[in-house]
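K.L.:
Quick one: this structure, given as structure tokens, is what I'll be asking you about.
The values are calculated or read from the model by the stated rules, or taken from the named source; none is laboratory data. All values derive from a computational prediction rather than experimental measurement. For neighbour counting, all protein chains shown are included, and Cβ atoms are generated from backbone atoms with ideal geometry for every residue, glycine included.
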Amino acid sequence: MNWQQLWLSLLLPMTVSGRVPGLAEKEMAMEYLLQYGYLQKPLEGPNNFKLEDITEALRAFQEASELPVSGQLDDATRARMRQPRCGLEDPFNQKTLKYLLLGRWRKKHLTFRIMNLPSTLPPHTAQAALRQAFQYWSNVAPLTFREVKAGGADIRLSFHGRQSLYCSNAFDGPGRVLAHADIPELGSVHFDEDEFWTEGTYRGVNLRIIAAHEVGHALGLGHSRYTQALMAPVYHGYQPHFKLHSDDVAGIQALYGKKIPVIRNEEEETEQPTVPPVPTEPSPMPDPCSSELDAMMLGPSGKTYAFKGDYVWTVSDSGLGPLFRVSALWKGLPGNLDAAVYSPRTQWIHFFKGDRVWRYVNFKMSPGFPKKLNKVEPNLDAALYWPFNKKVFLFKGSGYWQWDELAHTDFSSYPKPIKGLFTGVPNQPSAATSWQDGRLYFFKGKVYWRLNQQLRVEKGYPRNIADHWMHCRPQTVDATPSGGDTTPSALPTVSFLLWRSMVEGDAWVLFFLHKMQENSMASKLRKGLGILENHIYLLMIMGKIISPVEPQIPLLQH
């Protein structure tokens, strides 16, 4: 009796739910056990397995997956086998159940090269995610990684589809195998280009986390038996506050040693620069559904920006935009801002942090900035532009300052009490902004307040930020964007892009809008809007969309 007959006749005639597994399901399970090392193919002859071999393989897989160990192909086992995962085998360390070491580099200073990028992310976002993947490991081990743009490199990262001349292990399309890598010192890391790679969202497959896993393989780590470890074989979805598991850290340090902290001699320390440096390591990527805001701003072209830590994202009626590093959009700007405000009157954006202020026109810093914040207390809480009187309001504690950008402002009578002008607004707001309809909003903690035209908090407030601003609802990991009918709230985005294309002559935008108009399917239109948003960000950053000329107006601070 061959293994197929044995499998069909003896092994698990019925699942726990009472449904008999079909032939295709049983064959898929056998292929899985063979592919990932739970069953060993004979070197010669047919694949003849005993019933106890198959049962033991299932038990080993269930134990490694923290499932009930039955040796049967039950529903939970089949569901786990269908989860997205790494393409490498699972030869776990059976003796200690700890990390598994597959090899090591003979040097600790390595180069890497990004050969190509996925089409589902803006290039700068994908590059930042891949670079961060290396930094997770260099943060805990004495390793350095230097990126090269051409020529040879120790570790090479590339994206390809089902077939590739440079990879003998074909991918299988969306889902199942996400990526795989070679152990030292081969250095190849391959990603399935058919996956919906994302960053800063629970949808799709997070590129940064998968890349960190595969870089771990390229450095010599095998799969971990700890299901919460980065080096576990199965992908568990996006984690906003991701960090290495203790087993990951122990494994990499077993290969290359612990990272020795740099101890500076006080006599050798120099005076700190007056301008705070941009941190090289980003703060944890925030979850818009649970994070308290640092700042909120109605920016150029009517786009609303939310800031938290080193990251920023857009907020609109149709949903949230992707997360970007603050310094990726506004070069030279640090994260963890105190306040941000855009003035349509001057087209200036002012960012505040500590006792410093930065000024930008769109994404370009104005000459002479940053400057020291004068006549206003440092460490502001919030800032906003009030369309009614075209002034900027700065908030700190229980007080506020009113600032005219185009005239000398006498601050001798400030600060004034917040409650004297903005009735019902709490002290120490964490963020504030005006909206497209002219209303003012104040944020603190996880709630916000809306003011009417008389600057009084409206009835029914405060409300939850996550529910009403961040469009938070339960989400699951999905390989493709969700469909659904388009809503009128999405149309202003298209109108805005059409307006920009007419004013600035951006033919690419017109072409994209034309293609979207040809497609009558609502779900694809929604997907196109998301892709279009990403491309517009990229075009702005690259200067492909022309910024208005900065007005020649004397600066307030000298």
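K.L.:
Here are the criteria: (1) surrounded by 22 or more Cβ atoms within 10 Å (Cβ to Cβ); (2) in contact with a Gly (Cβ under 8 Å, 6 or more places away or on another chain); (3) of a type outside the set (A, V, I, L, M). Tell me which single one Pro429 does not satisfy.
P.N.:
Going through the list (1) surrounded by 22 or more Cβ atoms within 10 Å (Cβ to Cβ); (2) in contact with a Gly (Cβ under 8 Å, 6 or more places away or on another chain); (3) of a type outside the set (A, V, I, L, M), Pro429 breaks only (2).
K.L.:
Lys353: in the same structural domain as Arg439 (by TED's automatic domain parsing) and surrounded by fewer than 17 Cβ atoms within 10 Å (Cβ to Cβ), yes or no?
P.N.:
Details: in the same structural domain as Arg439 (by TED's automatic domain parsing): yes; surrounded by fewer than 17 Cβ atoms within 10 Å (Cβ to Cβ): no.
When the stated conditions are applied, Lys353 does not pass them.
K.L.:
Only one of Lys390, Lys396, Lys375, Lys419 is buried (at least 18 other Cβ atoms within 10 Å of the Cβ) and not hydrophobic (A, V, I, L, M, F, W, C); which?
P.N.:
Values: Lys390 fails: buried (at least 18 other Cβ atoms within 10 Å of the Cβ); Lys375 fails: buried (at least 18 other Cβ atoms within 10 Å of the Cβ); Lys419 fails: buried (at least 18 other Cβ atoms within 10 Å of the Cβ).
Being buried (at least 18 other Cβ atoms within 10 Å of the Cβ) and not hydrophobic (A, V, I, L, M, F, W, C) holds for just one of Lys390, Lys396, Lys375, Lys419, which is Lys396.
K.L.:
If the requirement is being farther than 27 Å from Ser290 by Cα and either within 30 Å of the chain's Cα centre (by Cα) or modelled with pLDDT of 85 or more (or both), which of these qualifies: Ser495, Ser430, Ser412? Before the answer, list the steps.
P.N.:
Values: Ser430 fails: farther than 27 Å from Ser290 by Cα; Ser412 fails: either within 30 Å of the chain's Cα centre (by Cα) or modelled with pLDDT of 85 or more (or both).
The conditions single out Ser495.
K.L.:
So Arg450 ticks every box in (1) closer than 15 Å to Val341 by Cα; (2) surrounded by 14 or more Cβ atoms within 10 Å (Cβ to Cβ) but one. Which box is left unticked?
P.N.:
The single condition Arg450 does not satisfy is (1).
K.L.:
Is it fair to say Arg156 is surrounded by fewer than 20 Cβ atoms within 10 Å (Cβ to Cβ) and among the charged types (D, E, K, R)?
P.N.:
Details: surrounded by fewer than 20 Cβ atoms within 10 Å (Cβ to Cβ): no; among the charged types (D, E, K, R): yes.
It is false that Arg156 is surrounded by fewer than 20 Cβ atoms within 10 Å (Cβ to Cβ) and among the charged types (D, E, K, R).
K.L.:
Among the residues of the range 309-336, count how many are of a type in the set (Ser, Thr, Tyr) and in a strand (DSSP E or B). Let's see the steps before the verdict.
P.N.:
Within the range 309-336, the first condition is being of a type in the set (Ser, Thr, Tyr), and the residues that meet it are 311, 314, 316, 318, 327.
Now restrict to residues that are in a strand (DSSP E or B): 311, 314, 316.
Counting residues in the range 309-336 that are of a type in the set (Ser, Thr, Tyr) and in a strand (DSSP E or B) gives 3.
K.L.:
I've got another one for you. Restricting attention to the range 176-189, does a residue exist that is farther than 19 Å from Gly103 by Cβ, surrounded by fewer than 23 Cβ atoms within 10 Å (Cβ to Cβ), out of contact with any Ser or Thr (no Cβ under 7 Å at 6 or more places or on another chain) and without any contact (Cβ under 8 Å) to a residue 40 or more places away in the chain? Full working, then the answer.
P.N.:
Filtering the range 176-189 down to residues farther than 19 Å from Gly103 by Cβ leaves 176-178.
Still in the running and surrounded by fewer than 23 Cβ atoms within 10 Å (Cβ to Cβ): 176-177.
Going one step further and asking which of them are out of contact with any Ser or Thr (no Cβ under 7 Å at 6 or more places or on another chain), we end up with 176-177.
With without any contact (Cβ under 8 Å) to a residue 40 or more places away in the chain added as a condition, the list becomes none.
No, the range 176-189 contains no residue that is farther than 19 Å from Gly103 by Cβ, surrounded by fewer than 23 Cβ atoms within 10 Å (Cβ to Cβ), out of contact with any Ser or Thr (no Cβ under 7 Å at 6 or more places or on another chain) and without any contact (Cβ under 8 Å) to a residue 40 or more places away in the chain.
K.L.:
If I filter the range 99-126 down to residues being among the β-branched types (Val, Ile, Thr) and either under 17 Å from Gly200 (Cα atoms) or in contact with a Leu (Cβ under 9 Å, 6 or more places away or on another chain) (or both), which single residue comes out as surrounded by the most Cβ atoms within 10 Å (Cβ to Cβ)? Before the answer, list the steps.
P.N.:
Taking the range 99-126 as the starting set, the residues that turn out to be among the β-branched types (Val, Ile, Thr) are 111, 114, 120, 125.
Filter once more, so that each one left must be either under 17 Å from Gly200 (Cα atoms) or in contact with a Leu (Cβ under 9 Å, 6 or more places away or on another chain) (or both): 114, 120, 125.
On the way: Ile114: 21, Thr120: 20, Thr125: 26.
This residue is Thr125.
K.L.:
I'd like to know if the range 365-372 contains one or more residues that are under 26 Å from Gln454 (Cα atoms), in contact with a Phe, Trp or Tyr (Cβ under 7 Å, 6 or more places away or on another chain) and either outside any loop (DSSP other than H, G, I, E, B) or not aliphatic (A, V, I, L, M) (or both).
P.N.:
Pass one, the range 365-372, residues under 26 Å from Gln454 (Cα atoms): none.
Checked the range 365-372: no residue is under 26 Å from Gln454 (Cα atoms), in contact with a Phe, Trp or Tyr (Cβ under 7 Å, 6 or more places away or on another chain) and either outside any loop (DSSP other than H, G, I, E, B) or not aliphatic (A, V, I, L, M) (or both).
K.L.:
Just to check your reading of the model, which residue among Ala170, Ala133, Ala129, Ala150 is exposed (fewer than 15 other Cβ atoms within 10 Å of the Cβ), farther than 15 Å from Gly87 by Cα and among the small types (Gly, Ala, Ser)? Spell out how you get there, then give the answer.
P.N.:
Details: Ala170 fails: farther than 15 Å from Gly87 by Cα; Ala133 fails: exposed (fewer than 15 other Cβ atoms within 10 Å of the Cβ); Ala129 fails: exposed (fewer than 15 other Cβ atoms within 10 Å of the Cβ).
Answer to the check: Ala150.
K.L.:
Which ones in the range 207-261 are among the β-branched types (Val, Ile, Thr) and modelled with pLDDT of 90 or more? Walk me through how you get there before you give the answer.
P.N.:
First, the residues of the range 207-261 that are among the β-branched types (Val, Ile, Thr): 209-210, 215, 227, 234, 249, 252, 260.
Within the range 207-261, Ile209, Ile210, Val215, Val249, Ile252 meet the criteria.
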